[in-house]
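Trainee: Next up is a structure, given as structure tokens.
The values are calculated or read from the model by the stated rules, or taken from the named source; none is laboratory data. Quantities reported herein were computed from a predicted structural model and do not represent experimental measurements. Backbone-built Cβ (ideal geometry, glycine too); neighbour counts: all protein chains shown. These accessible areas exclude ligands, DNA and RNA; they are computed on the full protein's heavy atoms, side chains included. Shrake-Rupley method; radii C 1.70, N 1.55, O 1.52, S 1.80 Å.
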Amino acid sequence: MPEIIKIVITGGPCAGKSTAMSWVQNAFTKLGYTVLFVPETATELITGGVAPWTCGTNAGYQKCQMMLQIEKERIFRDAASTMPGDKILIVCDRGTLDNRAYMNDAEFASVLKEIGTNEVELRDNYDAVFHLVTAANGAEAFYTTANNSARTETPEQAIALDNKLISAWTGHPHFCVIDNSTNFEEKMRRLIAEISSFLGEPEPLEIERKYLIEYPDITWLESNPNCQRVEIIQTYLKCDPGEEVRVRQRGIGGNYIYFKTTKRNISDIKRVEVEKRLSQSEYLKLLMEADTTRRQIRKMRYCLTYEGQYFEIDVYPFWDDKAIVEIELSDENAEINFPEQLKVIKEVTGDESYKNSSLAKI
């Protein structure tokens, strides 16, 4: 079986998704990937006459769109499994959770119930999500509706929708926002760099900074539309010296997904990391290989998108005065913009005593 990676490229109106697909095709074909593209479902339906304003209700339309998106992705994965080559990249032009931005809470809950799925499964069904910020936010002179007949938003509406999309995907374990702080060509280069970093080209490097912070304002976090709460149970397994192997249960409200992660350190802030999605039965089987010298780590993670950066705030049951915040970077010299509500005590990147593997010994 080839290795099949499925990612989403999403974003607000006039963000550059169409051009991004061409850049992705060129960049990763050269690196030996078979690149497959799942077309944007909303544009297909709307240009074909199926739209929120032609269907009986908005929720009815969104249900149709999500069902078609799910089926298209299933077909692409089935086809990919038969193809030659050992590296296949499925690129989804928007994902199923984009629909969340076009529904209120009641409509979304109703659609999930009718389809028979949940938000965690929809969100984390993708290996990574890359959000391109609308040109209406930071590149106003280039915002237009002329190049897409399904696009009708004003610049103000485009920015509001962009923020809703970011909120919908916040909580995904690999979520990256590409803003308009550079010109458009450089924006595309940054996207390719982020995808390359995620895929591990030339090797799977993770650049991570970690900070000890004062115990956060949980009320503020939980009321922030760009923050999602995730329950995590992490178990360390027996492994070879110089490696760290763990399995993780991740989700909320009884809906969980499972991962196995293997890490090898290169320096204090660089490491090789390989992550694999597990079935529930595979996860339960691996629990039998637990390192009994370490406890399970149980924590509440708040995933926060702020000014284009993605923070993961871990709150542990054994601390009531402090917490840990982490951020992954594609450039180890990148500036970090902390929200004022997060009070940094000190950086603890590379400090062994604040790693989860050490905290498991508490």
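Trainee: What distance in nm lies between label points placed 7 Å from Cα along the C-beta direction at Ala141 and Asn104?
Mentor: Placing both labels 7 Å beyond Cα along the Cβ direction yields 4.1 nm.
Trainee: Oh, and also: Compute the relative contact order of the chain as a whole-number percentage, counting only Cα pairs closer than 8 Å that sit 6 or more residues apart in sequence.
Mentor: 17 percent.
Trainee: What's the FRET efficiency of Tyr215 with Phe338 using the Cβ-Cβ distance as r and R₀ = 22 Å, to the nearest 0.05?
Mentor: 0.90
Trainee: Then there's this: Return, ordered by residue number, the residues of the stretch 312-350 whose backbone nitrogen is under 16 Å from a label point located 7 Å along Cα→Cβ of Thr261.
Mentor: Residues passing the 16 Å test: 312-316, 324-330, 349-350.
Trainee: If I build a Gaussian network model for the chain, linking alpha-carbon pairs within less than 10 angstrom, which residue out of Leu237, Leu284, Leu36 has the largest mean-square fluctuation?
Mentor: Highest fluctuation of the listed residues: Leu284.
Trainee: If I model a spin label at Glu186 and Ile115 as a point 7 Å from the Cα along the Cα→Cβ vector, what separation in nanometres do I get?
Mentor: Modelled inter-label distance: 3.7 nm.
Trainee: Express the carbon and sulfur contribution to the solvent-accessible surface of the stretch 1-158 as a percent, rounded to the nearest whole number, probe 1.4 angstrom.
Mentor: C and S atoms contribute 55 percent here.
Trainee: Within the stretch 182-200, which residues have the backbone N less than 19 Å from the label spot 7 Å out from Lys30 along Cα→beta-carbon, could you tell me?
Mentor: 184-200
Trainee: In Å, what is the Rg of the alpha-carbon atoms in the chain, and how long is Dmax?
Mentor: Rg, Dmax (Cα atoms, Å): 20.6, 62.
Trainee: Counting only Cα atoms, I'd like the Rg/Rh figure for the stretch 286-362, Kirkwood definition for Rh.
Mentor: Taking Rh as the inverse mean 1/r over Cα pairs, Rg/Rh reads 1.00.
Trainee: On a full-extension model of 0.36 nm per residue, what is the gain between Leu68 and Thr154, subtracting their alpha-carbon distance, rounded to one decimal in nm?
Mentor: 28.2 nm
Trainee: Which of the lysines could a cross-linker bridge to Lys343, judged by Cα under 20 Å and excluding same-chain residues fewer than eight apart?
Mentor: Lys210, Lys299, Lys322, Lys355
Trainee: While we're on this one: On a 1.4 Å probe surface of the protein chains, which of Phe184, Phe130 comes out largest in accessible area, and what is the full order?
Mentor: So the residues, ranked largest to smallest area, are Phe184, Phe130.
Trainee: Expected output is a single nm value to one decimal: the length gained when fully extending between Asp351 and Ser279, i.e. 0.36 nm times separation in residues minus the C-alpha distance. What is it?
Mentor: Length difference between fully extended and current span is 22.6 nm.
Trainee: Give the accessible surface of the chain per residue, rounded to a whole number of Å², with probe radius 1.4 Å and ligands, DNA and RNA excluded.
Mentor: It amounts to 47 Å² per residue over the chain.
Trainee: First measure r as the distance between the Cβ atoms of Ser330 and Thr54, then evaluate 1/(1 + (r/R0)^6) with R0 = 35 Å and state the FRET efficiency to the nearest 0.05.
Mentor: Computed FRET efficiency for Ser330 and Thr54 comes out at 0.25.
Trainee: Among the lysines, which have Cα under 19 Å from the Cα of Lys87 when same-chain residues fewer than 8 positions away are ignored?
Mentor: Cα-Cα hits under 19 Å: Lys6, Lys30, Lys276.
Trainee: Given the -39500 (n - 2.57) contribution per DSSP H run of 4+ residues, what per-residue ellipticity at 222 nm results for the chain, rounded to the nearest 500 deg cm²/dmol?
Mentor: -9000 deg cm²/dmol
Trainee: Please report the equivalent ellipsoid semi-axes of the stretch 200-259, computed as sqrt(5 x eigenvalue) of the Cα gyration tensor, largest first, in whole Å.
Mentor: Square roots of five times the eigenvalues give 27, 18, 14 Å.
Trainee: To continue, here is another question. Write out the chymotrypsin sites (Phe, Trp or Tyr not before Pro) in the stretch 261-362 meeting two conditions: DSSP loop, and at most 11 other Cβ atoms within 10 Å of their Cβ.
Mentor: Passing sites in the stretch 261-362 are Phe318.
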